[in-house]
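Quick notes on the structure that follows.
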Amino acid sequence: MSGPTLDRLGRPLRNLRLSVTDRCNLRCSYCMPEEEYVWLPRGDILTFEEAAYLVDVFADLGVDKVRLTGGEPLLRQGLERLVAQLGANARLRDLAITTNGILLAERAAALRTAGLHRVTVSLDTLRPDRFRTLTRRDALAQVLEGIAAVPRAGFTGLKLDTVVIRGVNDDELASLIEFGRSVPAEVRFIEYMDVGGATRWSMDQVVGRAEMLERLERRYGRIEPIVETTTAPADRFRLPDGTTFGIISSTTAPFCADCDRSRLTADGLWYLCLYATRGIDLRGPFRGGAGPEELKALITGGWRARTDRGAEDRLALGNRQPLVQIGGLKRDPHLEMHTRGG
Ligand code: SAM
């Protein structure tokens, strides 16, 4: 490899989010609120061998961090097999998963044995009734069992991601931090984003980073920012007792300038921005016989032309509405958050 692959704004190709399914066992109001969707055709879903091959091509071009996502990645049968294939790739220095945790209690140990490095669990509330309303499934107990299984399986660095929505769960910031401390896990509060899938989004439901900090300072006293030089999306903070937490301020203070993330859908479309409306088809050329050099040319060509700053473009809009209405999502399921992974 000859130096990093840079886009038009000098951002390296480094971080790949690999969606392994568009199916999910929750129906969160901010992501996948309908019961039925236009699902990706089964025959289009990349096999583990195909996905691992493509990741290898990406690794040749500088990708060294891969996060498995979905839909709900643990719904993909035998995911441990893909983890083992990716885990054997010495160039990946970080191999993580983002999961809703429902199936984690029974899978954590096998994922660890297969070579997974890190786990992030999405957890928006600690209240069973609220969980049921928010996700339309009664599964908080399973999620909490899943979270408890992570340190037991030998993982460190567990993160809990919470989408904060005004009037829904914004009264649980402190409870979630305290729960995180008990696990142990670091909580990261995500501003509610107007991505595809968030058809009920409105700006007044967003609790911005400044307001979150203000509320937590009122409760805990002075909060200190942790100065770091990473391209991680979360800004991290420390409470007076040393407990740390993060805020991902994608809606009110986006971090496009540092964004080294791209997304490969379960059917092999490659998106260069969470807000992008078009992806680059890698499955077609790959299944059509393109070899590694052709795939590399396709990927480098796409990345070198990248100018996306989707979240900043959204911020600049005057009257912000959901990115895509339900009709648009039905016409192109690739616009859905559950198809391209969060
Ligand atoms: N099913 C897995 C999970 O729940 O973590 C992985 C896929 S999910 C789409 C990935 C992440 O995207 C989750 O943490 C979810 O909360 C987040 N997400 C989905 N819709 C969002 C929205 N409108 N705003 C902010 N985050 C969102």
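Please treat every number below as a calculation from the coordinates, not as lab data. Because the structure is a prediction, the values reported are computed rather than measured. Cβ placement follows ideal geometry from the backbone for every residue including glycine, while neighbour counts extend to all protein chains displayed.
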Problem set entry | Over the chain: helical MRE at 222 nm, DSSP H runs n ≥ 4 each giving -39500 (n - 2.57), nearest 500 | -9000 deg cm²/dmol
Exercise. K296: which lysines have alpha carbons under 19 Å from its alpha carbon, excluding same-chain residues fewer than 8 sequence positions away?
Worked result: K65
Exercise. For the chain, which longest stretch is free of loop sites, where a loop site is one of the GluC sites (Glu not before Pro) that DSSP puts outside H, G, I, E and B and that has at most 10 other Cβ atoms within 10 Å?
Worked result: 37-227
Exercise. Which far-off residues, 5 or more places away or on another chain, put their amide H under 5 Å from the one on R17, with H placed in the peptide plane?
Worked result: R67, S262, R263, L264
For this session: Mind listing the lone cysteines of the chain, meaning no other Cys beta-carbon sits under 4.7 Å from theirs?
Result: C24, C256, C259, C273
For this session: Count neighbours as other Cβ atoms within 10 Å of each site's Cβ, and list the trypsin sites (Lys or Arg not before Pro) in region 297-342 that are DSSP loop with at most 16 such neighbours.
Result: R320
Seminar exercise, completed: Mean separation of Cα contacts under 8 Å (at least 6 apart) over the residue count of region 4-108, i.e. the relative contact order in percent, is 35 percent
Exercise. So what J values fall out for region 325-337 if you push phi through Karplus, 6.51 cos²θ - 1.76 cosθ + 1.60 with θ = phi - 60°, rounded to Hz, Gly and Pro as x?
Worked result: 7, 4, x, x, 5, 5, 5, 9, x, 5, 7, 6, 4
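Once the mean 1/r over all distinct Cα pairs of the chain is inverted, what Kirkwood radius in angstroms do you read off?
Kirkwood hydrodynamic radius for the chain: 20.4 Å.
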Seminar exercise, completed: Between the Cα axis of helix 140-152 and the main Cα principal axis of the chain, the angle (0 to 90°, nearest 10) is 70 degrees
For this session: Would you mind checking the tilt of helix 173-182 against the longest principal axis of the Cα atoms of the chain, expressed as 0 to 90 degrees and rounded to 10?
Result: 80 degrees
Problem set entry | For region 57-63, Karplus couplings with θ = phi - 60° (6.51, -1.76, 1.60), whole Hz, Gly/Pro x | 5, 4, 5, 4, 9, x, 5
For this session: May I ask you to compute the full-extension gain from L9 to E211, defined as 0.36 nm times their residue separation minus their alpha-carbon distance, rounded to one decimal in nm?
Result: 69.6 nm
Seminar exercise, completed: Partner lysines whose C-alpha sits under 18 Å from that of K330, ignoring same-chain residues fewer than 8 away, are none
Exercise. Over what distance in Å are the Cα centres of region 27-66 and region 85-121 separated?
Worked result: 15 Å
Exercise. Relative to the present Cα-Cα distance, how much length would full extension add between T243 and D258 at 0.36 nm per residue of separation?
Worked result: 2.8 nm
For this session: Please report the Cα spread of region 65-183 along all three principal axes, rounded to whole Å, starting with the longest.
Result: 45, 27, 23
Problem set entry | Under Karplus coefficients 6.51, -1.76 and 1.60, residue-wise ³J(HN,Hα) of region 266-273 in Hz, glycine/proline x | 4, 9, x, 9, 10, 10, 9, 7
